[in-house]
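Q: I'd like to ask you about the structure that follows.
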Amino acid sequence: MHYEGKIYRPWMEANSLLIQTTIGCSNNSCTFCDMFSDKKFGVRKLEDIYDDIEEAKQLYGANIEEFFLIDGNVMVMKTDFIVNVLRKIKEVFPNSKKISLYSQYNDFKRKTVDELKQIKQAGLTMAYVGLESGDAKILDDVKKMMTPEEAIEGAAKAKEAGIRVLVSIIWGLGGKERSKEHAIETTKLLNILQPEELAPMALAIQPGTELEAQVERGEFTLPTKQQVLEEEKYLLENLKFDTFYWGDHGNNEVSLKGQFPSNKVSFLNVVNGALENIKNKDEKIETFSW
């Protein structure tokens, strides 16, 4: 099995076999991210990917059921290329039940609905998409290279093609100064996108990133724990669609996981309890009116 550089996968994919199809990320400019800083983006040769799939069968047997395609936005590859990889996995592992990959909403946007349907029919189960924020200014500040409008267009195509999407967002990405806008605009955009699954995680400053330098220069002020919890509270109070909520990332202030909105009351009880604990310990509590 061939892997180049540091390897990442979502925490939900802990049991999946990782197949490297791209090297790095085609964007690779986000100020908060260092995941692919050691790589120049490229697409692996199809025959090399095939060799890895065949080798995986030799190493682990033919009964593997879950696969995750790495590196970064795999959906950026040409449609025929993705289809060929998916078909090869299904051919070598006929018992496969789940094949997922990283994508961006702009990757969906650049493809036709027919192309996305071909990818779905070839075996794609789900795409993991980093939205990060619904606020246009924050998206521009962190160099996401995507607008809310582009996200809406890409999401609509994915839905029409029947591709299940898990969206990730980052609590605190607006810093202390733009926490309110981050929460409101992200919730508003999510209510339009309506992803089948949602994975929020709190911001962690990664060494060597542009965002770390901004923090050191005083250009970005980290949000307080209270602000991060208030952001999550606002979202939980105002989401208006059914989704599976993966709020159990290790960086989060509280751990929440389950179907939404059926768990809305219990989720809010946990968040409100954490906020109350902060208020009992900190005399400098701030008042937010959203």
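Just so it is clear, none of the values below were taken in a lab; they were calculated from the coordinates. Because the structure is a prediction, the values reported are computed rather than measured. Here Cβ is always computed from backbone atoms with ideal geometry, including for glycine, and neighbour counts include all displayed protein chains.
Q: Quick one: which residues, 5 or more positions from residue 224 or on another chain, have an amide H under 5 Å from its amide H? H modelled 1.01 Å from N in the peptide plane, none for Pro or chain starts.
A: none
Q: What does the charge dipole of the chain about its Cα centre add up to, to the nearest 20 debye, if the Cβ of each Lys and Arg holds +1 and the Cβ of each Asp and Glu holds -1?
A: 560
Q: Tell me, in nm to one decimal, what length is gained between residue 110 and residue 194 on full extension, where the rule is 0.36 nm per residue of separation less the Cα-Cα distance?
A: Difference between extended and current length: 28.3 nm.
Q: Would you please give the FRET efficiency between residue 9 and residue 177, computed as 1/(1 + (r/R0)^6) with r the Cβ-Cβ distance and R0 = 51 Å, to the nearest 0.05?
A: 0.95
Q: Counting only DSSP beta bridges with both residues in the chain, tell me the antiparallel percent, nearest 5.
A: 20
Q: Report relative contact order for the chain in percent, whole number only (criteria: Cα-Cα under 8 Å, sequence separation at least 6).
A: 14
Q: Residues with amide H under 5 Å of residue 18's amide H, sequence separation 5 or more or different chain, H placed in the peptide plane at 1.01 Å from N; which?
A: 68
Q: Give the order of 2, 249, 182 when sorted by the count of other beta carbons within 10 angstrom, beginning with the fewest.
A: 2, 249, 182
Q: Here is a further query. Taking θ = phi - 60°, what integer Hz values does the Karplus form 6.51 cos²θ - 1.76 cosθ + 1.60 yield along the stretch 6-13, in sequence order, with x for Gly and Pro?
A: Calculated HN-Hα couplings, in order: 5, 10, 10, 8, x, 5, 6, 9 Hz.
Q: Another one. Expected output is a single nm value to one decimal: the length gained when fully extending between residue 278 and residue 145, i.e. 0.36 nm times separation in residues minus the C-alpha distance. What is it?
A: In short, 44.3 nm is gained.
Q: Here's something else I'd like to know. For the chain, which cysteines have no second Cys with its Cβ under 4.7 Å from theirs?
A: Unpaired cysteines in the chain: 25.
Q: Further question: Whole-Hz Karplus ³J(HN,Hα) for the stretch 168-181, in order, using 6.51 cos²θ - 1.76 cosθ + 1.60 and θ = phi - 60°, x for Gly and Pro?
A: In residue order, the calculated couplings are 9, 10, 10, 4, x, 5, x, x, 5, 6, 10, 5, 4, 4 Hz.
Q: Still on this structure: For every helix of n ≥ 4 consecutive DSSP H residues, a contribution of -39,500 (n - 2.57) applies; sum these over the chain, divide by its total residues, and give [θ] at 222 nm rounded to the nearest 500 deg cm²/dmol.
A: -12500 deg cm²/dmol
Q: Also: Between residue 98 and residue 50, what is the label-point separation in nm under the 7 Å Cα-to-beta-carbon projection?
A: 2.9
Q: Can you list the residues of the stretch 43-73 with backbone N under 17 Å from a point 7 Å past the Cα of residue 1, pointing along Cα to Cβ?
A: 48-72
Q: Sticking with this structure for a sec: Work out from phi, with θ = phi - 60° and the Karplus expression 6.51 cos²θ - 1.76 cosθ + 1.60, the ³J(HN,Hα) of each residue of the stretch 47-53, listed in order in whole Hz, and give x for Gly and Pro.
A: 5, 5, 5, 4, 4, 5, 5
Q: State to the nearest 20 debye the size of the charge dipole of the stretch 124-229 about its Cα centre, where the only charges are +1 on K and R beta carbons and -1 on D and E beta carbons.
A: 260
Q: Which listed residue (174, 221, 72) has the Cα farthest towards the positive end of the charge dipole for the chain, taking +1 on Lys and Arg C-beta and -1 on Asp and Glu C-beta about the Cα centre?
A: With unit charges placed on the Cβ atoms, the residue in question is 72.
Q: While we're looking at this one, here's another question. Given H placed 1.01 Å from N in the peptide plane, which residues other than close sequence neighbours of residue 199 have an amide H under 5 Å from its amide H?
A: 167, 168, 169, 246
Q: Something else about it: Using the number of other C-beta atoms within 10 angstrom as an exposure proxy, rank 171, 246, 11 with the fewest first.
A: Lowest to highest Cβ neighbour count: 11, 246, 171.
Q: Along the Cα→Cβ direction, 7 angstrom out, place labels at residue 81 and residue 257. What is the inter-label distance in nm?
A: Once both label points are built, they end up 3.4 nm from each other.
Q: So how far apart, in nm, are the two label points at residue 212 and residue 241 if each is 7 Å from Cα heading toward Cβ?
A: If labels sit at residue 212 and residue 241, their model points lie 3.5 nm apart.
Q: Taking the number of other C-beta atoms within 10 Å as the exposure measure, put 224, 186 in order starting with the fewest.
A: Going from sparsest to densest Cβ surroundings: 224, 186.
Q: Based on the Cα gyration tensor of the chain, what are the three equivalent ellipsoid semi-axes, each the root of five times an eigenvalue, rounded to whole Å and given largest first?
A: Here the semi-axes work out to 34, 20, 18 Å.
Q: Just list whichever of 111/180; 90/188; 78/159; 39/264; 111/137; 120/240 have alpha carbons separated by over 31 Å in the model shown.
A: Going by Cα-Cα distance, 111/180; 90/188; 39/264 fall outside the 31 Å limit.
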